[in-house]
Amino acid sequence: MNITNEQVKNMYQTMLKIRKFETRAKDLFAEGKIPGFVHLYIGEEATATGACANLRDEDYITSTHRGHGHIIAKGGDLKNMMAELFGKETGYCKGKGGSMHIADATKGILGANGIVGAGHNIAAGAGLAIQYKKTDQVCVCFFGDASTNQSTFHESMNLASVWKLPVIFVCENNGYGISVSQARHQAITDVSVRASAYNMPGVTIDGNDIFAVYEAVGEAVSRARKGQGPTLVECKTYRWRGHFEGDMTVYRPNGELDAWLKKDPIPRIEKYMLENNIMSEAEIANENAAVDNMIKDAEKFAEESNVASLESALVDIYSDMVEEGRVR
Ligand SMILES: Cc1ncc(C[n+]2csc(CCOP(=O)(O)OP(=O)(O)O)c2C)c(N)n1
Ligand SMILES: [Mg+2]
């Protein structure tokens, strides 16, 4: 595998950032400091991290309602993210979007999205824009297993394939759409088989193995950059928390979570780094402390920022009524 020690270290830091950002967000939500819904990505970190490790700043991603991991992996700023979760004016959307609407055009982050399946078509659109511009950018489209039952998945896979768009469809198959297990929402086990309907390559990999994700998405990215069209990469993974914070997960069979806890991607990369002398125990401890501090700084920034003002509710929106001065 073509990967430098520096890249491995970066991927480790990214997974730590996601895990620690979300663990803190979980506690802050429980304390009542974060309004709205929070859908956590804990347990799935290797997928976003391994995929985005192949991308440049000018490449695009589309995200989902479970978007913190994607945004952090694509280089999103922890302070602006935490402030957005808090509803503060220093947040990515000036506190008006919350967890499910974080975007950063400067990093190619086309937005988290509360509408299941919306990202597919945005990704195809980004792919078409890239094709028009004749650059070698790509767009990675992240989405869940249940969203592959939406028409948008099929429409965008079809057009991306016919037009050979530079899109990499990354399915995060965590086995559930809310409380409905995959066996109850679709008659297939591997989502990747759906690629054949659109005559594009489709693979299924262990989404908790960061190197498998890095490699499979890497191959798809290099094909897309060369104008050879889209790929569907299905990453099997699992969300440790409920669908949203507050979900009691009564629908989970006994032992299922425990089995997945054993496949935690973070100790897996630590073991790899120790065995290959990439990082020592002490360096791993230092990295953890450094990321802890980044999260503390992000929280402090969010705490100390102002809540979005009432007046700002009428700024950055489009409405005929506002234009005409009928709403003040
Ligand atoms: C168009 C639309 N339909 C339904 C919902 C309600 N909803 C929110 S998340 C979700 C399930 C998504 O499951 P999946 O795509 O597997 O993603 P995961 O939550 O497992 O990451 C549903 C049905 C929605 N937000 N948007
Ligand atoms: Mg799912």
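The values are calculated or read from the model by the stated rules, or taken from the named source; none is laboratory data. These numbers come from a predicted model, not from an experiment. Please note: Cβ atoms are built from the backbone with ideal geometry, for glycine as well, and neighbour counts cover all protein chains shown.
What the table below lists for this structure:
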| quantity | calculated |
| --- | --- |
| Some residue of the stretch 43-54 being part of a loop (DSSP other than H, G, I, E, B) and of a type in the set (A, V, I, L, M) | yes |
| Complete set of residues in the stretch 115-133 that are among the small types (Gly, Ala, Ser) and surrounded by 24 or more Cβ atoms within 10 Å (Cβ to Cβ) | GLY119, ALA123, ALA124, ALA126, GLY127 |
| Matching residues, the stretch 185-244, being part of a helix (DSSP H, G or I), among the basic types (Lys, Arg) and buried (at least 18 other Cβ atoms within 10 Å of the Cβ) | ARG194, ARG223 |
| Residue satisfying all of: in the stretch 154-179; surrounded by fewer than 24 Cβ atoms within 10 Å (Cβ to Cβ) and in a helix (DSSP H, G or I); farthest from ligand 1 (Cβ to nearest atom) among these | VAL162 |
| Meets criteria (away from ligand 1 (no atom under 15 Å from the Cβ) and in a loop (DSSP other than H, G, I, E, B)) for MET279 | yes |
| Residue identified as within 16 Å of ligand 1 (Cβ to nearest atom) and either touching a Phe, Trp or Tyr at 6+ places or on another chain (Cβ under 6 Å) or of a type in the set (Ser, Thr, Tyr) (or both) among SER196, SER192 | SER192 |
| Residue in the stretch 153-161 that is within 16 Å of ligand 2 (Cβ to nearest atom), under 27 Å from LYS107 (Cα atoms) and modelled with pLDDT of 95 or more present | yes |
| Residue match in the stretch 71-86 (condition: buried (at least 21 other Cβ atoms within 10 Å of the Cβ), away from ligand 1 (no atom under 16 Å from the Cβ) and part of a loop (DSSP other than H, G, I, E, B)) | yes |
| Only one of ASP145, ASP136 that is within 16 Å of ligand 1 (Cβ to nearest atom) and either surrounded by fewer than 23 Cβ atoms within 10 Å (Cβ to Cβ) or at pLDDT 95 or above (or both) | ASP145 |
| Residue selected from the stretch 87-126 under the condition in a helix (DSSP H, G or I) and within 16 Å of ligand 2 (Cβ to nearest atom), by the criterion nearest to ALA302 (Cα to Cα) | MET100 |
| Tally, over the stretch 65-102, of residues that are among the polar types (S, T, N, Q) and either at pLDDT below 95 or closer than 15 Å to LYS26 by Cβ (or both) | 1 |
| Long-range neighbours under 9 Å by Cβ, at least six apart or interchain, first residue on the phi < 0 side of the Ramachandran plot and surrounded by 10 or more Cβ atoms within 10 Å (Cβ to Cβ) within the stretch 250-265, second polar (S, T, N, Q) and not in a loop (DSSP other than H, G, I, E, B) | TYR251/SER181; ARG252/SER181; PRO265/THR47; PRO265/THR49 |
| Some residue of the stretch 217-225 being closer than 30 Å to LEU159 by Cα, within 16 Å of ligand 1 (Cβ to nearest atom) and in contact with a Pro (Cβ under 8 Å, 6 or more places away or on another chain) | no |
| The stretch 301-321, subset at pLDDT 95 or above and touching a helix residue (DSSP H, G or I) at 6+ places or on another chain (Cβ under 9 Å), residue surrounded by the most Cβ atoms within 10 Å (Cβ to Cβ) | ALA302 |
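Conditions (1) more than 16 Å from ligand 2 (Cβ to nearest atom); (2) over 24 Å from the mean Cα position of the chain (by Cα), marked per residue:
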site	(1), (2)
VAL233	no, no
THR237	no, no
ARG241	no, no
ARG252	no, no
TYR272	yes, no
GLU283	yes, yes
ASN288	yes, no
ASP292	yes, no
ALA298	yes, no
